[in-house]
Amino acid sequence: MKPEIVRGDSADASETSAVENEQLLSSEKGAREATASEASDHIRAKDEMLPEKGGRGVSRKSMVWDFKARGEPFLWGLGGALTIGIMMIVGFVVLIVYNGLLTFYPKPIERVVLKSGAILAGETTRSEVFRPGPETLKNLSPQDRKLVEDLNGYATRNLYRTGNFDLYNDDFRWVSDYDVAEIHRPRDLIFLERMEWGPFIGTIKSADFNGKIVDKESLKWDELKLQHRQAEKRRKRVKEIERDQLGAINHLLERDRLKLRKVEIKHGKQSAEYLRTLEDLKGKEDELQSRHEELSREAAILKELDAKYTVTMADVGGREVNLRISDMVRFYPANDLSFVEKLGIYLSRWWEFLTDEPREANTEGGVMPAIFGTFCMTVLMSLAVAPFGVMAALYLREYARQGRLVSLVRICVNNLAGVPSIVYGVFGLGFFAYVLGGSIDQLFFPERLPNPTFGTGGLLWASLTLALLTVPVVIVATEEALAAVPQSMREASLACGASKWQTIKNIVLPRAMPGIMTGLILAMARGAGEVAPLMLIGVVKMAPELPIDQFFPYIHLERSFMHLGFHIYDVGFQSRNSEAAKPMVFVTTLLLIFLVFLMNAASITLRNRLKRKFFTGHF
Amino acid sequence: MAAEPRGSNGTVYHVKAGPDGTLLSMKDFSLWYGLAQALFNVSMTVEKGLVTALIGPSGCGKSTLLRAINRMNDLIEGLKCSGKIVLDGTDIYDPSVDVIGLRKLMGMVFQKPNPFPMSIAENVTYPLKVDGIRDKRILKETVEKALKAAALWDEVEDRLNENALSLSGGQQQRLCIARAIAGEPEVLLMDEPCSALDPVATAKIEDLIDELKGRYTIVIVTHNMQQAARVSDNTAFMYLGRLIEYGETSVIFTNPKVDKTMEYVTGRFG
């Protein structure tokens, strides 16, 4: 180190005179450095530094605004980064909410006559500006070409939802504006949602109410509505019979079969027990079978009746289609609706979406099973991850001897948080489903083999897999929260004669609870939105049964389930027509965000209550 | 009876004996934090029913000594000690001694008020709660008795279920004293109980110590020499981990036998 620099700096700081400096030097550094030559060296050095020091002093104390010194550019950078982040989030939320909320609002139907003479009718979906290719331009009439050229070679095209998939093999159609001859909005065009084939757009020709033919002129709207309501009632009854009642009978039959199989496995086919059980079950089975036939007959009668009530519809091209009234979900004259009627349709669609089951490969109908599945899985996951994570963190922080091993464990836990989620899915399938579930099947459900019970993906395994995925978040957050509990609290408790566990239970845990809850909320938010591992371990496109029903043991953790996140993927990318599914993607996304938001809000409220209880006043 | 200077390792020792004799006696007690020695062969007695003050400059080991008495130092990793602290004929550092049981015999009040973030009543009953006492009547009696003893009853009588953290600093410290005596301890250990309080609150605590004297044996660590002079019967002066002089308070403050003590109590250092 050069003596100049040392002196220069110290002189800078303490504005002592040269003489004082000499005294200081000799007294401070003592005999070690007090040789005459060295001392004079230092003084010379100080003299050299003086002018510069004066110069620096002026600039340092000046009141002129110094751009760099204020750190302002960094502040702008930080603020800018935050703003960009917030804007992206807000933009995303607005996009989702806007698209999600508008999807169910009834849109007008336009009847478009093309210059080629063709006619089509459809809901206006969206429009975009495009640049027609040279081939297309060449084939246009001179006036049309001029029109396009006036717009610098651009043209507009509209996407119409034409429906009538059974007739057209397509749901949507692009129409360029230079192809259009005229556009009307006829009042008699009907938008009809069907159980199958998607919507139908066209006019009513005639109706057949059990042999009573009514033509278009004399058909009253109210009568059609009335018939539709009755048909809906019949449809619901058929569904009730086929799904619930026949389902229950099948369930009971299956249970008896399993009971018999169990006896067979235990005692053998020739044993007295087996024969006695067989005899017992025989009577029951016959009774169930006759009940089954009875219900099937009722359903068949209803279906026969359904076939007698039909409506004949015609598309704009005049092609006719005969429809059962019971297959109609909803129909309305799209261009002849008041605001209140539109609102009614809008709300009824939301209601169907939230409370019904999906139909038509998930692109129509509701998502109730998916909402239920997401909710159940998130709750189960939280129930699993909370004690597991908190106990692990408690041991790590409070009991384990803080050493190299604990550091290693901590690093491993943190690294677990960075493992790709699909890896957890593979682990869940390999370990939970095949190893654990397989063993459970061998031990407890041998009568059902080779059909797996727990030996395949299901609600329980999915929840546990996600719990494993999110446990690092909980451990880290809990450790932080435990470390933040003041030592004085623990000492006060120990000094009262409490044992370590009593201290943890009574003082440390309650006090750390808000922090632990924060970790749980983060874990829950992550788990609720996770899809990749679930695809391997229990989520299905269409679950036949909910995980909770009226049969013992009521909660069926082994069942596969539906999930909103997977539903979005499935609807958006695995369905017949991704254009038709796009609005559903937005609605489902909106719902998923809302569900996560709701669950988070609930736990944040809980956390804030705890905070109020434990964090008032100051220490 | 004023005992003769007897001491060991150069300690000058001339305490006022308690009316019921000696409660605690330390013999050559030394303590290390890792490799650093904090206490050097401390030998002294704590007389039953009297107030013993520990004074000395910062870092002299008086808090360490106090925390050695109820083994709060055990929480620190790498702690070693030698010598004896004898309570009722038992060395409290003997492996057979149950630390939790020992701490139940000692109430402790800390430097900063540290009530639990619970209601006032729950704070007071905490020592009973950890003993597994659930009887509502006993708990209620204890709350009243301890709060009255801590001179806090009149102020909080009608808000026993309010959060203790809503109390003022002085009230919180008296609550901590109430909590410390709720478990009926033999000894009350106070680690600079007034250092975070204003003069009015300090005066209240000092009055309280005066009242509690006799019922409990009190050991108080203090930085404030006037306070030691006002509240204590015996005063121990410590310096750099050593007990320099231990004797009757009036003697220590007016006519100490060791020069270092004289320098300290007259304010020439420390």
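Enumerate the pairs (first residue in the stretch B:214-231 and small (Gly, Ala, Ser); second residue anywhere and surrounded by 21 or more Cβ atoms within 10 Å (Cβ to Cβ) and part of a strand (DSSP E or B)) with beta-carbon separation below 7 Å, excluding pairs fewer than 6 apart on the same chain, so at least 6 apart or on different chains.
Here the result reads B:Ala228/B:Ala53; B:Ala228/B:Ile55; B:Ala228/B:Thr235, each pair linking the stretch B:214-231 to a residue that is surrounded by 21 or more Cβ atoms within 10 Å (Cβ to Cβ) and part of a strand (DSSP E or B).
Can you tell me which of B:Leu105, B:Leu54 is within 15 Å of B:Leu188 (Cα to Cα) and surrounded by fewer than 18 Cβ atoms within 10 Å (Cβ to Cβ)? Break it down into steps so the answer makes sense when it comes.
Working: B:Leu54 fails: surrounded by fewer than 18 Cβ atoms within 10 Å (Cβ to Cβ).
One residue alone meets the criteria, B:Leu105.
Only residues that are of a type in the set (Asp, Glu) and in contact (Cβ under 8 Å) with a residue 40 or more places away in the chain: list them for the stretch B:245-270, please. First the steps, then the outcome.
Quick first cut of the stretch B:245-270, residues of a type in the set (Asp, Glu) only: B:245, B:248, B:259, B:263.
Hits for the stretch B:245-270 are B:Glu245, B:Glu248.
Yes/no per residue for (1) surrounded by 17 or more Cβ atoms within 10 Å (Cβ to Cβ); (2) without any contact (Cβ under 8 Å) to a residue 12 or more places away in the chain:
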| site | (1), (2) |
| --- | --- |
| B:Val12 | yes, no |
| B:Met26 | yes, no |
| B:Gly34 | no, no |
| B:Thr64 | yes, no |
| B:Ser82 | no, no |
| B:Ile85 | yes, no |
| B:Thr90 | no, yes |
| B:Asp94 | no, yes |
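So, of the residues in the stretch B:66-76 that are assigned to a loop (DSSP other than H, G, I, E, B) and either buried (at least 22 other Cβ atoms within 10 Å of the Cβ) or not hydrophobic (A, V, I, L, M, F, W, C) (or both), which turns out to be nearest to the other protein chains (Cβ to nearest Cβ)? I'd like the intermediate steps shown before the answer.
Within the stretch B:66-76, the first condition is being assigned to a loop (DSSP other than H, G, I, E, B), and the residues that meet it are B:70-71, B:76.
Imposing the further condition that a residue be either buried (at least 22 other Cβ atoms within 10 Å of the Cβ) or not hydrophobic (A, V, I, L, M, F, W, C) (or both) reduces the set to B:70-71.
Values: B:Asn70: 6, B:Arg71: 9 Å.
My answer is B:Asn70.
Tell me, please, whether a residue that is part of a loop (DSSP other than H, G, I, E, B) and polar (S, T, N, Q) can be found in the stretch A:394-410. If you could, list the steps in order and put the result at the bottom.
First pass over the stretch A:394-410, keeping only residues part of a loop (DSSP other than H, G, I, E, B): A:400-403.
If we keep only those that are polar (S, T, N, Q) too, we end up with A:402.
Scanning the stretch A:394-410 turns up at least one residue that is part of a loop (DSSP other than H, G, I, E, B) and polar (S, T, N, Q).
Looking only at residues in the stretch B:84-107 that are in contact with a strand residue (DSSP E or B) (Cβ under 7 Å, 6 or more places away or on another chain) and not in a loop (DSSP other than H, G, I, E, B), which one is farthest from the other protein chains (Cβ to nearest Cβ)? Steps first, please.
At the first step, the residues of the stretch B:84-107 found to be in contact with a strand residue (DSSP E or B) (Cβ under 7 Å, 6 or more places away or on another chain) are B:84-87, B:91-93, B:97, B:105-107.
Checking the rest, the ones that are also not in a loop (DSSP other than H, G, I, E, B) come to B:84-87, B:91, B:106-107.
Working: B:Lys84: 22, B:Ile85: 16, B:Val86: 20, B:Leu87: 15, B:Asp91: 19, B:Met106: 7, B:Gly107: 7 Å.
So, considering only residues that are in contact with a strand residue (DSSP E or B) (Cβ under 7 Å, 6 or more places away or on another chain) and not in a loop (DSSP other than H, G, I, E, B), the one farthest from the other protein chains (Cβ to nearest Cβ) is B:Lys84.
Is the stretch B:157-164 home to any residue that is under 25 Å from the mean Cα position of the chain (by Cα) and farther than 30 Å from B:Lys62 by Cβ?
Within the stretch B:157-164, the subset under 25 Å from the mean Cα position of the chain (by Cα) is B:164.
The next check asks that each one be farther than 30 Å from B:Lys62 by Cβ; those that pass are none.
There is no residue in the stretch B:157-164 that is under 25 Å from the mean Cα position of the chain (by Cα) and farther than 30 Å from B:Lys62 by Cβ.
With respect to the numbered conditions (1) touching a helix residue (DSSP H, G or I) at 6+ places or on another chain (Cβ under 9 Å); (2) surrounded by fewer than 22 Cβ atoms within 10 Å (Cβ to Cβ), which one is the sole condition not fulfilled by A:Gly519?
A:Gly519 satisfies all of (1) touching a helix residue (DSSP H, G or I) at 6+ places or on another chain (Cβ under 9 Å); (2) surrounded by fewer than 22 Cβ atoms within 10 Å (Cβ to Cβ) except (2).
From the list A:Arg359, A:Arg349, which residue is at pLDDT below 90 and within 30 Å of A:Asn99 (Cβ to Cβ)? Spell out the reasoning first.
Details: A:Arg349 fails: at pLDDT below 90.
On inspection, the qualifying residue turns out to be A:Arg359.
Across the stretch A:442-463, what is the total count of residues that are modelled with pLDDT of 90 or more, among the aliphatic types (A, V, I, L, M) and over 18 Å from the mean Cα position of the chain (by Cα)? So that I can check it myself, show each step before the final result.
Here is the first cut: in the stretch A:442-463, the ones modelled with pLDDT of 90 or more are A:459-463.
Keeping just the survivors that are among the aliphatic types (A, V, I, L, M) gives A:459-460, A:462.
Pick out the ones that are also over 18 Å from the mean Cα position of the chain (by Cα) and you get A:460.
Total satisfying the criteria: 1.
Which residues, taken from the stretch B:147-184, are outside any helix (DSSP H, G or I) and more than 14 Å from every other protein chain (Cβ to nearest Cβ)? It would help to see each step written out before you state the result.
Step one: list which residues in the stretch B:147-184 are outside any helix (DSSP H, G or I), which gives B:150-152, B:160-163, B:167-168, B:183-184.
If the condition is that a residue be outside any helix (DSSP H, G or I) and more than 14 Å from every other protein chain (Cβ to nearest Cβ), then B:Ala150, B:Ala151, B:Leu152, B:Leu160 are the ones that fit.
Report yes if some residue within the stretch A:492-504 is in contact with a Lys or Arg (Cβ under 9 Å, 6 or more places away or on another chain), among the polar types (S, T, N, Q), within 14 Å of chain B (Cβ to nearest Cβ) and part of a helix (DSSP H, G or I); otherwise report no.
Yes, because at least one residue in the stretch A:492-504 is in contact with a Lys or Arg (Cβ under 9 Å, 6 or more places away or on another chain), among the polar types (S, T, N, Q), within 14 Å of chain B (Cβ to nearest Cβ) and part of a helix (DSSP H, G or I).
Hey, B:Asp191 hits all of (1) over 13 Å from B:Phe110 (Cβ atoms); (2) within 13 Å of chain A (Cβ to nearest Cβ) but one; which does it fall short on?
(1)
Working carefully through the options B:Leu197, B:Leu189, find the one that is of a type outside the set (Phe, Trp, Tyr), more than 21 Å from A:Arg511 (Cα to Cα) and assigned to a loop (DSSP other than H, G, I, E, B).
Details: B:Leu189 fails: assigned to a loop (DSSP other than H, G, I, E, B).
Of B:Leu197, B:Leu189, the one residue that is of a type outside the set (Phe, Trp, Tyr), more than 21 Å from A:Arg511 (Cα to Cα) and assigned to a loop (DSSP other than H, G, I, E, B) is B:Leu197.
List pairs: first in the stretch A:89-102 and closer than 11 Å to A:Phe586 by Cα, second among the polar types (S, T, N, Q) and modelled with pLDDT of 90 or more, Cβ under 7 Å, 6+ apart or cross-chain?
Every condition considered, the pairs that remain are A:Ile96/A:Thr589; A:Gly100/A:Thr589.
Quick one: A:Leu534 ticks every box in (1) within 11 Å of chain B (Cβ to nearest Cβ); (2) among the hydrophobic types (A, V, I, L, M, F, W, C); (3) farther than 25 Å from A:Val409 by Cβ bar one, so which box is it?
(1)
Can you find, within the stretch B:108-143, the residue that is nearest to the other protein chains (Cβ to nearest Cβ) among those that are surrounded by fewer than 16 Cβ atoms within 10 Å (Cβ to Cβ) and β-branched (Val, Ile, Thr)?
Top of the filtered list is B:Ile133.
Among what's in the stretch B:220-264 and is among the hydroxyl-bearing types (Ser, Thr, Tyr) and in a strand (DSSP E or B), pick the residue that is surrounded by the most Cβ atoms within 10 Å (Cβ to Cβ).
Kept after step one, since they are among the hydroxyl-bearing types (Ser, Thr, Tyr), are these residues of the stretch B:220-264: B:222, B:232, B:235, B:239, B:246, B:249-250, B:254, B:261, B:264.
Pick out the ones that are also in a strand (DSSP E or B) and you get B:235, B:239, B:246.
Details: B:Thr235: 28, B:Tyr239: 22, B:Tyr246: 25.
So, considering only residues that are among the hydroxyl-bearing types (Ser, Thr, Tyr) and in a strand (DSSP E or B), the one surrounded by the most Cβ atoms within 10 Å (Cβ to Cβ) is B:Thr235.
From the list A:Ile265, A:Ile301, which residue is β-branched (Val, Ile, Thr), exposed (fewer than 15 other Cβ atoms within 10 Å of the Cβ) and in contact with a helix residue (DSSP H, G or I) (Cβ under 7 Å, 6 or more places away or on another chain)?
Numbers: A:Ile301 fails: in contact with a helix residue (DSSP H, G or I) (Cβ under 7 Å, 6 or more places away or on another chain).
Result: A:Ile265 is the single residue among A:Ile265, A:Ile301 that is β-branched (Val, Ile, Thr), exposed (fewer than 15 other Cβ atoms within 10 Å of the Cβ) and in contact with a helix residue (DSSP H, G or I) (Cβ under 7 Å, 6 or more places away or on another chain).
The values are calculated or read from the model by the stated rules, or taken from the named source; none is laboratory data. Only a predicted model underlies this, so the values are computations on that prediction, with no experimental measurement involved. Here Cβ is always computed from backbone atoms with ideal geometry, including for glycine, and neighbour counts include all displayed protein chains.
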